[in-house]
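Accompanying notes for the structure given below.
What follows draws every value from the coordinates through simple rules; no lab data is involved. In this text, all values refer to a predicted model and were calculated from it rather than measured experimentally. Using ideal geometry, Cβ is built from the backbone for each residue, glycine included, and neighbour counts are taken over all protein chains shown.
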Amino acid sequence: NAGVTQTPKFQVLKTGQSMTLQCAQDMNHNSMYWYRQDPGMGLRLIYYSASEGTTDKGEVPNGYNVSRLNKREFSLRLESAAPSQTSVYFCASSDWGEYTGELFFGEGSRLTVL
Amino acid sequence: DAKTTQPPSMDCAEGRAANLPCNHSTISGNEYVYWYRQIHSQGPQYIIHGLKNNETNEMASLIITEDRKSSTLILPHATLRDTAVYYCIVPSAFSGSGYALNFGKGTSLLVTP
């Protein structure tokens with residue numbers, strides 16, 4: 001059981017380049033999330049998807065776009081990378097009951113923008 | 001949305017109980033309190049959650065005050081592997097079904113030999 005799988009695990013970009021971070025989960029979860037974590041900081045929510053076909057902005061959405069391709073996959077795209085987007089990106093998924101649920105996280109994707 | 005407040009850091013001796021406090025004074029009646037931890041640079045890991053009763057699982061215990069304005073995560077016998085950042089979270093409901101978890105800076109727990 002793979003859980004949440006992120007690719008790539010490491011990436012170096014030059015300013016202005018574009019790239020897509022891929023995330024897939026095999027737990028049949030409805031909700032998926034993208035977070036970023038800068039050194040010494042907590043996780044900040046970029047975008048989330050409550051269910052297939054829906055996406056919503058989180059705390060720090062500027063400079064990013066997302067696609068919920070199907071129930072399994074949720075991708076994060078940087079159209080024109082900036083050094084400020086150097087960070088570790090985490091994807092997560094969850095299924096929620098009435099008020100409760102648990103987030104399962106991937107191992108993270110470490111992005112450096114030069 | 002209920003905000004949480006945690007001390008930035010704490011120390012605990014190996015084998016002793018680690019008691020991590022969290023304030024959530026604006027929590028509403030149907031909002032749960034969740035605890036996650038993050039070891040080094042790994043993805044966060046779920047620990048426990050509760051509404052108003054004390055909860056216990058194989059990892060930890062969660063004590064919630066009667067007025068629900070604060071809670072304490074207890075690691076009964078801390079080990080070196082419990083050194084991590086611990087996050088106390090009250091999820092925010094989003095439209096449709098489901099919740100968003102906003103992680104703050106958490107409490108950095110250092111367990112010493």
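Report Rg/Rh for chain B, rounded to two decimals, where Rg is the Cα radius of gyration and Rh the Kirkwood radius.
Using only Cα positions, Rg/Rh for chain B is 0.96.
Can you list the residues, at least 5 places off or on another chain, whose amide H is less than 5 Å from the amide H of B:Arg16, using H built in the peptide plane?
Those lying under 5 Å, H to H, from B:Arg16 are B:Ala78.
Please turn the phi angles of the range A:101-108 into ³J(HN,Hα) values with the Karplus equation 6.51 cos²θ - 1.76 cosθ + 1.60 (θ = phi - 60°), one per residue in order, whole Hz, x for glycine and proline.
In residue order, the calculated couplings are x, 9, 8, 10, 9, x, 7, x Hz.
Quick check: net charge around A:Gln85, other residues with Cβ under 13 Å of its Cβ, Lys/Arg +1 and Asp/Glu -1?
Net charge around A:Gln85: +3.
Just flag the GluC sites (Glu not before Pro) in the range B:24-98 sitting in loop per DSSP whose Cβ has no more than 11 other Cβ atoms within 10 Å. Intermediate values should be presented prior to the final figure.
On the way: sites: B:Glu31, B:Glu55, B:Glu58, B:Glu66; in loops: B:Glu31, B:Glu58, B:Glu66.
Those that pass, being in a loop and sparsely packed, are B:Glu58, B:Glu66.
Calculated FRET efficiency, A:Met41 and B:Met59, Cβ-Cβ r, R0 22 Å, to nearest 0.05?
0.35
Cut-off under 13 Å on the C-alpha distance; same-chain residues fewer than 8 positions from B:Lys52 excluded. Which aspartates and glutamates are left, in chain and number order?
Cα-Cα hits under 13 Å: B:Glu31, B:Glu66, B:Asp67.
Name the cysteines of chain B that stand alone by the Cβ rule: no other cysteine Cβ under 4.7 angstrom.
B:Cys12
Among B:Ala18, B:Ala78, B:Ala100, which one shows the biggest mean-square fluctuation in a GNM of chain B, springs joining Cα atoms closer than 10 Å?
In this elastic network of chain B, the residue with the biggest mean-square fluctuation among B:Ala18, B:Ala78, B:Ala100 is B:Ala100.
Using Cα positions and a limit of under 26 Å, work out the lysines in reach of A:Lys57, with same-chain residues fewer than 8 apart set aside.
A:Lys9, A:Lys14, A:Lys71, B:Lys3, B:Lys105
I want the antiparallel fraction of DSSP beta bridges within the protein assembly as shown, as a percent rounded to 5.
Roughly 85 percent of the beta bridges in the protein assembly as shown run antiparallel, per DSSP.
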